[in-house]
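Nothing in this text is a laboratory measurement; each read-out follows from the coordinates by a stated rule. Since this is a predicted model, take the numbers as computed values, not measurements. Here the Cβ is made from the backbone with ideal geometry for all residues, glycine too, and neighbour counts use every protein chain on show.
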Amino acid sequence: MKRIIFIVIFLSILFSVYIDSGYTTFIQPNGVEFIGRKWGDEFFHWLETEDGYRFNK
């Protein structure tokens, strides 16, 4: 049983899909605009500005 669970978890990590939204414009609640992108896969992804700073949305 443990072997089957390990295989299922391993296969789900093995088939993760890469995503890169490219640079787009984000607008903060106070109206300030900046350019950033989202990249990573469905398990781990990051939001980053053109200057390399990470941010949360």
A correct Kirkwood calculation over the Cα atoms of region 18-57 returns a hydrodynamic radius in Å of 10.5
Fewest first, what order do PHE55, PHE26 take by the number of other Cβ atoms within 10 Å? PHE55, PHE26
